[in-house]
Amino acid sequence: MKSVPQDIYSVVARFYDHVELYRKRRDISFFVEMARESGGPVLEIGCGTGRILIPTARAGIETVGLDISASMLAVCREKLARESKEVQERAWLVQADMRSFDLGQRFRLITTPFRPFQHLLNVADQRSCLASVREHLAEDGKLILDLFNPDVRRLAHLIDSPEPHREEEPEFTMPDGSRVTRRITVSSGGALNQILDLELNHDVTYPDGRTETLSQRFSTRYFFRFEVEHLLELSGFRIENVYADYDKSPLGSTYPGELIFIATRKK
């Protein structure tokens with residue numbers, strides 16, 4: 001039995017859909033198009049607040065959203081409750097660990113939008129997740145493994161720097177009028193383990209003038225192309241395509257770009 005990690009989104013889930021970086025991501029149409037091509041059903045691993053799941057259900061595709069965070073799923077349920085009955089009937093939410101799950105059905109498409117796989121820091125957990133994915137993938141189904149392509153120049157600077165990298169994002173306003181500024185601190189776990197430690201501080205100013213800082217801390221594993229190719233091969237997948245962006249541009253057409261693997265299940 002795998003231990004259940006702490007819900008790292010418990011204090012910040014309500015901010016997620018309002019963060020500019022997340023609101024402006026250009027991946028929604030890509031995942032909806034792939035879902036339409038598959039015909040469904042779709043399993044979305046790390047569905048969060050439904051940023052991809054709800055547009056997919058609106059497009060007429062049956063979708064199961066899996067996430068370990070109760071707080072993110074709660075936000076998703078609130079959003080689904082505002083959708084039409086038809087959309088609600090196409091979407092199911094499951095709280096489960098992506099390292100090991102059993103949903104009792106197979107899917108024509110399994111997706112991992114916005115890099116949840118990179119929360120798996122060791123090979124054992126990565127292999128375990130891919131084993132569960134393979135068991136749930138239809139014979140003619142596809143897996144979309146969505147990762148970021150690390151910029152080795154920035155990584156070298158981060159690893160060599162004695163100080164973490166810090167940046168501040170533009171302020172955004174919540175529906176209740178609260179103003180939020182998010183500050184990001186990124187530090188390297190060293191040159192050997194391919195792990196980045198992140199701290200996201202949300203400075204909140206409420207309408208009545210009160211202020212509060214809410215923090216989210218987590219680590220993420222970055223992957224290189226051929227490492228992922230070997231990982232997928234060993235886990236029983238065949239790579240069909242690797243894209244550098246959500247417009248399906250080929251890997252190498254831009255740098256660093258993304259690492260978007262389209263894989264099928266080996267017979």
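The values are calculated or read from the model by the stated rules, or taken from the named source; none is laboratory data. All values derive from a computational prediction rather than experimental measurement. Please note: Cβ atoms are built from the backbone with ideal geometry, for glycine as well, and neighbour counts cover all protein chains shown. With ligands, DNA and RNA removed, areas are computed over all heavy atoms of the protein, side chains included. Shrake-Rupley method; radii C 1.70, N 1.55, O 1.52, S 1.80 Å.
Could you provide, to the nearest whole Å², the per residue accessible area of the range 101-177 with probe 1.4 Å?
Working: 3910 Å² over 77 residues.
Per residue, the range 101-177 has an accessible area of 51 Å².
For the chain, with only Lys/Arg (+1) and Asp/Glu (-1) charged at the beta-carbon, what is the dipole magnitude about the Cα centre, in debye rounded to 20? Please list the in-between numbers first.
On the way: 36 positive and 40 negative charges, 105 e Å.
In total the dipole reaches around 500 debye.
For the range 1-75, what does the equivalent ellipsoid look like in terms of its semi-axes, each the square root of 5 times an eigenvalue of the Cα gyration tensor, given largest first in whole Å?
Numbers: eigenvalues 106, 56, 17 Å².
Working from the Cα gyration tensor, I get semi-axes of 23, 17, 9 Å.
To check you understand DSSP bridge types, tell me what percent of the beta bridges within the chain (both residues inside) are antiparallel, rounded to 5.
Values: 41 of 58 bridges.
Bridges in the chain are about 70 percent antiparallel.
Which residue, chosen from Pro162, Phe223, Gly65, occupies the Cα position most advanced towards the positive end of the dipole of the chain, where the dipole is computed from +1 (Lys, Arg) and -1 (Asp, Glu) charges on Cβ about the Cα centre?
Gly65
Between Ser215, Ser29, Ser178, find the one with the highest GNM mean-square fluctuation for the chain; connect C-alpha pairs within less than 10 Å.
So, out of Ser215, Ser29, Ser178, the one fluctuating most is Ser178.
Using modelled amide H (1.01 Å from N, peptide plane; none on Pro or chain starts), what sits under 5 Å from the amide H of Leu93, excluding residues fewer than 5 places away?
Answer set, sorted by chain and number: Gly65.
Which of the trypsin sites (Lys or Arg not before Pro) found in the range 62-97 are loop residues per DSSP with 15 or fewer other Cβ atoms within 10 Å of their Cβ? Please list the in-between numbers first.
Details: sites: Arg77, Lys79, Arg82, Lys85, Arg90; in loops: Arg82, Arg90.
For trypsin sites (Lys or Arg not before Pro) across the range 62-97 that sit outside H, G, I, E and B with at most 15 neighbouring Cβ atoms in 10 Å, the list reads Arg82.
With the chain treated as a Gaussian network of Cα nodes joined by springs under 10 Å, which of Gln216, Gln105, Gln88 yields the largest mean-square fluctuation?
Looking only at Gln216, Gln105, Gln88, the largest GNM fluctuation is found for Gln105.
Taking the Cα centre of the range 28-124 as origin and charging only Cβ (+1 Lys, Arg; -1 Asp, Glu), how large is the dipole, in debye to the nearest 20? Please list the in-between numbers first.
Values: 12 positive and 11 negative charges, 26 e Å.
It comes to approximately 120 debye.
Zone of Ser161 (label point 7 Å along Cα→Cβ, backbone N under 17 Å): which residues in the range 202-233?
Answer for the range 202-233: 220.
Given H placed 1.01 Å from N in the peptide plane, which residues other than close sequence neighbours of Gly141 have an amide H under 5 Å from its amide H?
When sequence neighbours closer than 5 places are left aside, the close amide H contacts are Arg265.
Rank Leu158, Leu103, Leu192 by mean-square fluctuation in a GNM of the chain with C-alpha springs under 10 angstrom and give only the top-ranked residue.
In the Gaussian network model the winner is Leu192.
At 222 nm, what helix-only mean residue ellipticity would the chain give, in deg cm²/dmol to the nearest 500, using -39500 (n - 2.57) for each DSSP H run of four or more?
The per-residue figure over the chain is -7500 deg cm²/dmol.
How much of the accessible area of the chain, in percent, comes from carbon and sulfur atoms when a 1.4 Å probe is used?
Carbon with sulfur: 50 percent of the solvent-accessible area.
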